[in-house]
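Have a look at the structure below, then the notes.
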Amino acid sequence: MSGLLTDMACSSYERYKTAKAILPEAELWARANAMPLAPKLKLSAEGFDLIAECKLTSPSMGDLSANTSDVQTRVCDYGLGGAAAVSVLTEPSRFSGELAHLEQASKALAPLNVPTMRKDFLVEPYQVMEARVAGASGVLVIARMLDASRITSLLDCAAMLHMFVLIEAFDADDLKVINEVLATRKQHAEQILVGINCRDLQTLKVNFDRFAELVDLLPSGYLKVAESGVGNAADAKRVAQLGYQVALIGTTLMNSPEPRKLAQELLSAGRETALATRTKATELFSVDVSVDAPKK
């Protein structure tokens, strides 16, 4: 595990212990189960969607708040721009996040029926419960940070709370673990997406080629998410052509003074390519069938 993830895991565990000392797990669980139903993650039949991210600071890019007057306005622009969900950073030390931002975003997006996702370095099911109490519909789980049993415990908690999960991988080893975990969950009623993060955790630079290198290792039957690296319409087209149905986009949107317009442009580009790719595949299939069909 990289130095960044090690630091984040340790910090996350300390936050968990502090929170649990204030609010016992049994009480938090009761609160989570008493929450009104959150919006469901619904993806477009057009074959490409966005999870737009709200983060005020990034370890790689620094302060991202210049174009954001408040969390509520920013996330509503995402929702009105067509985002299927909004990811909200709640990590405080490196991303200037807090659970209050997630709660604010969830309340602001509820009238638009757009779900929120807690993005953090989760290590305990308690933190999934915190996300549900803050109004979130989903959570991020980073496979690199956790062993198979811990991943399973987070997935179980999310499933019981009817939350979706985005499981994040950085390389083939992460995907091996993810595939093994998901192979044991075929009978579970849950909504899971699997993402490739193309950011190098050592240099914090993006390696766009990773999307192509790892796409065939993603588990079948799960929605594929391209994380980091999508900076413009051309990038959205590239990941859609590779077969990714969702792009999680943060820095690009945070740096835009017109996030609603940019989200619409990225969606349009990705959906145009997704449709063209499906049409081409259908045409090729039709040709193959006609060639192989027995002559009468």
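The values are calculated or read from the model by the stated rules, or taken from the named source; none is laboratory data. Everything numeric here is computed off the predicted structure, so don't read it as measured data. Ideal geometry is used to build each Cβ from the backbone, glycine not excepted, and the neighbour counts take in all protein chains shown.
Some observations on this one:
- Condition met for A100 (assigned to a helix (DSSP H, G or I), among the hydrophobic types (A, V, I, L, M, F, W, C) and more than 18 Å from the chain's Cα centre (by Cα)): yes
- Hits in region 240-252 (condition: more than 15 Å from the chain's Cα centre (by Cα) and on the phi < 0 side of the Ramachandran plot): A240, Q241, L242, T252
- Tally of residues being surrounded by fewer than 21 Cβ atoms within 10 Å (Cβ to Cβ), closer than 29 Å to A45 by Cβ and not small (G, A, S) across region 78-110: 2
- The residues of region 156-168 that are out of contact with any strand residue (DSSP E or B) (no Cβ under 6 Å at 6 or more places or on another chain), touching a residue at least 24 places away in the same chain (Cβ under 8 Å) and not acidic (D, E), listed by number, are C157, A159, L161, H162.
- Cβ separations smaller than 7 Å between residues 6+ apart or across chains give the following pairs from region 253-270 residues that are under 17 Å from A66 (Cα atoms) to residues that are charged (D, E, K, R) and not in a loop (DSSP other than H, G, I, E, B): L253/E53; P259/R74; P259/D77; R260/D77.
- Scope region 223-260; condition part of a helix (DSSP H, G or I) and closer than 23 Å to A45 by Cβ; matching residues: A233, D235, A236, K237, R238, V239, A240, Q241, L242, R260
- Lone qualifier among A30, A26, A52 - being of a type in the set (A, V, I, L, M, F, W, C) and under 19 Å from K119 (Cα atoms): A52
- Filter result for L37 (aliphatic (A, V, I, L, M), out of contact with any helix residue (DSSP H, G or I) (no Cβ under 8 Å at 6 or more places or on another chain), crowded, with 16+ Cβ neighbours inside 10 Å and part of a loop (DSSP other than H, G, I, E, B)): no
- No other residue among V114, V71, V86 is touching a helix residue (DSSP H, G or I) at 6+ places or on another chain (Cβ under 7 Å), touching a residue at least 40 places away in the same chain (Cβ under 8 Å) and hydrophobic (A, V, I, L, M, F, W, C) apart from V114.
- Scanning region 118-165 for residues that are among the hydroxyl-bearing types (S, T, Y) and over 17 Å from the mean Cα position of the chain (by Cα) returns Y126, S149, T152, S153.
- Selection within region 43-66 - assigned to a loop (DSSP other than H, G, I, E, B) and farther than 27 Å from L5 by Cα: L43, S44, A45, E46, G47, F48
- Residue ID - surrounded by the fewest Cβ atoms within 10 Å (Cβ to Cβ), chosen from residues in region 135-158 that are of a type in the set (S, T, N, Q) and in a helix (DSSP H, G or I): S149
- Per the listing L109, L99, the residue uniquely of a type in the set (A, V, I, L, M, F, W, C) and either touching a Lys or Arg at 6+ places or on another chain (Cβ under 6 Å) or in contact (Cβ under 8 Å) with a residue 60 or more places away in the chain (or both) is L109.
- Checking each residue in region 67-93 for being assigned to a helix (DSSP H, G or I) and touching a strand residue (DSSP E or B) at 6+ places or on another chain (Cβ under 7 Å) picks out V71, R74, V75, Y78, G79.
- Exactly one residue out of V128, V114, V133 is over 18 Å from L223 (Cβ atoms), among the hydrophobic types (A, V, I, L, M, F, W, C) and in contact with a Cys (Cβ under 9 Å, 6 or more places away or on another chain), and it is V128.
- Selection from region 115-134 of residues that are farther than 13 Å from F164 by Cα and in a loop (DSSP other than H, G, I, E, B): D120, F121, L122, V123, E124, A134
- Test result for L166, among the hydrophobic types (A, V, I, L, M, F, W, C), in contact with a Ser or Thr (Cβ under 9 Å, 6 or more places away or on another chain), modelled with pLDDT of 95 or more and outside any helix (DSSP H, G or I): yes
- Which listed residue, of L204, L182, is of a type in the set (A, V, I, L, M, F, W, C), out of contact with any helix residue (DSSP H, G or I) (no Cβ under 6 Å at 6 or more places or on another chain) and in a loop (DSSP other than H, G, I, E, B): L204
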